[in-house]
Amino acid sequence: MAGDIFPAREAIALMDEVDLSPPIEVPLIPASAFPENISREEREFLRAEIARLKKERNALILAHNYMPPDVQDVADAIGDSLYLAQQGTASDADVLCEAAVLFMNQILAIMARPHQKVLAPSLEALCSLAAHADVNKIRAWKREHSDGVVISYVNTYVDVKAESDYCCASANSAKVIKYVIEHEPGRPILFLPDVYLGFYAAKLLEKMGEPLDRLFLMMGACHVHDRIKPHHVEEQRRLHPGAAAVIHPECGCTSACMRQIASGMVPEEMMQFRSTQGMIKFVRETPEQTVIVATEIGNIHPMSKAAPEKKLIPANPEAVCAFMKQNTLRGVYESLRDLKYEITVDRDLAERARKPIERMLSIV
Ligand code: 13P
Ligand code: SF4
């Protein structure tokens, strides 16, 4: 089923039944991704060396919110995919060392200036959601819908972005989808690869009085977020009555939770859909003291730093992204020391992918 495209109505009817398991092998998490496996001496050595190399190389370290805490702690910028792209492209540093996943590194490589080198501490940091997006299926859809518009979520590789008209990140997906609905009237829209976010796009179309048959969805999902199911959120809400819930829209519970809000079962302010960065803002701003967090558990680290007084409950404590955790403190050190692994992108693909990425960066 991986990567299949359906009219939205069919995709929505199917999405809770199809096999959305990862189309790629999930790696083991290296032992050194767990802070307890690094001695104090080693950590101090690595931190000092990273600080020294950062100056020597004129480097900027960027870290995604899901990074192990000790990687986040040496970073100059920590955030969601959109924020990292914004920070990286605004920087004049000679080296951009980004502890994240490959599709995020590729965005920097596409947008970097000629003097800038983009480094990834690991080449194993892929993404199961991005692996669902098959460029040949997009080309086939475009042949059938010559006036079609393709919106690809940020979790896609450069070949898919090069076939797309717009990109969006979780932080601005609603804005980009709304923009496309308004500015591309009547044209068929393909949203890919996340079917849960696609459901969200469908709800937006309906709310704006647009026919749903304009929308096509790809049946992809992230294997980590897909496993955060409605029963996980329900169970935590039962155990923590009065707790607010903040949910990444890639979660397997997205459609059920959105239906609960729409039916008035849960007040909107008590259940919000946000990017990883938006979740941090939410926990800082909500008056609620207990918050159920439906995303990869790494996000709890920056959330608890932002609001140390709040009680944060992972909806599913097993939601761990082994791809993100390929980035370790030692990996960041070796990356700066040996200038590895340099991420480069084919010139022609980069040229074609630039426009949808620029649109993503400008519709905020
Ligand atoms: P963000 O854009 O919220 O960082 O999400 C990216 C991602 O891979 C979430 O799993
Ligand atoms: Fe990809 Fe999921 Fe990992 Fe995010 S959490 S990088 S979507 S596999």
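Laboratory data are not the source of any read-out in this text; all were calculated from the coordinates shown. This is a predicted model, so every value here is computed, not measured. A quick note on method: Cβ atoms are made from the backbone with ideal geometry, for glycine too, and the neighbour counts reach across all protein chains shown.
With θ set to phi - 60° and the Karplus curve 6.51 cos²θ - 1.76 cosθ + 1.60, what are the ³J(HN,Hα) couplings of region 90-99 in order, to the nearest whole Hz, using x for Gly and Pro?
Using θ = phi - 60°, the values come out as 7, 7, 9, 4, 6, 10, 10, 9, 10, 8 Hz.
Applying the Karplus parametrisation 6.51 cos²θ - 1.76 cosθ + 1.60 with θ = phi - 60° to the phi angles of region 214-231, what ³J(HN,Hα) value in whole Hz is obtained for each residue in order, glycine and proline being reported as x?
Each residue's phi maps through the Karplus curve to give 6, 10, 10, 10, 9, 8, x, 7, 8, 5, 7, 6, 4, 7, 9, 9, x, 5 Hz.
Taking all pairs of distinct Cα atoms, average 1/r, flip it, and tell me the Kirkwood hydrodynamic radius of region 31-101 in Å to one decimal place.
12.7 Å
Amide H to amide H under 5 Å from Ile24: which residues, 5+ apart in sequence or cross-chain, H placed 1.01 Å off N in plane?
Close amide H contacts, sequence-distant or interchain: none at all.
What is the gain in length, in nm to one decimal, between Lys311 and Glu342 on full extension, counting 0.36 nm per residue of separation less the C-alpha to C-alpha distance?
Between Lys311 and Glu342, full extension yields an extra 7.2 nm.
My understanding is that a pair violates if its Cα-Cα distance is over 26 Å; which of Lys229/Lys311; Lys203/Lys310; Lys203/Lys229; Lys137/Lys203; Lys117/Lys137; Lys142/Lys175 do that in this structure?
Violating the 26 Å Cα-Cα cut-off are Lys203/Lys310; Lys117/Lys137.
With a ≥ b ≥ c taken as the square roots of the eigenvalues of the C-alpha gyration tensor of region 91-146, please select rounded if a/c is under 1.5 and otherwise prolate if a/b is larger than b/c or oblate if it is not?
oblate
Between Glu235 and Phe34, what length comes free when the chain is fully extended (0.36 nm per residue of separation minus the Cα-Cα distance, one decimal in nm)?
69.6 nm
Per-residue HN-Hα couplings for region 70-83, Karplus 6.51 cos²θ - 1.76 cosθ + 1.60 at θ = phi - 60°, whole Hz, x for Gly and Pro?
Each residue of region 70-83 in turn: 6, 6, 4, 5, 9, 7, 7, 9, 10, x, 7, 4, 5, 4 Hz.
Quick one: order Thr290, Thr344, Thr328 by neighbouring beta-carbon count within 10 Å, fewest to most.
By the 10 Å Cβ count, ascending, the order reads Thr344, Thr290, Thr328.
How would region 229-316 be classified by its alpha-carbon gyration tensor: rounded, prolate or oblate, with rounded meaning a/c under 1.5 and the a/b versus b/c comparison settling the rest?
Prolate, since a/c reaches 1.5 and a/b exceeds b/c.
So what's the Cα pair-distance distribution over region 159-201, bin width 10 Å, in %?
Histogramming region 159-201 at 10 Å steps yields 26, 62, 12 percent.
Calculate, for Met265 and Ile24, the FRET efficiency according to 1/(1 + (r/R0)^6) with r their C-beta to C-beta distance and R0 35 Å; round to the nearest 0.05.
Once rounded, the FRET efficiency stands at 0.45.
Could you give the length gained on full extension between Glu10 and Glu351, defined as 0.36 nm per residue of separation minus the Cα-Cα distance, in nm?
Once the chain is fully extended between Glu10 and Glu351, it gains 119.3 nm.
Cut-off 16 Å, label point 7 angstrom out along Cα-to-Cβ of Arg43: give me the residues of region 75-109 whose amide nitrogen falls inside.
75, by backbone N distance to the label point.
If neighbour count is taken as other Cβ atoms inside 10 Å, put Ser362, Ser146, Ser173 in order from fewest to most.
Ser146, Ser362, Ser173
Label the chain by shape, choosing from rounded, prolate and oblate, from the square roots a ≥ b ≥ c of the eigenvalues of the Cα gyration tensor; if a/c is under 1.5 it is rounded, and otherwise prolate applies when a/b is larger than b/c, oblate when it is not.
It comes out oblate by the Cα gyration axes.
By count of other Cβ within 10 Å, fewest leading, how are Arg57, Arg40 ordered?
Arg40, Arg57
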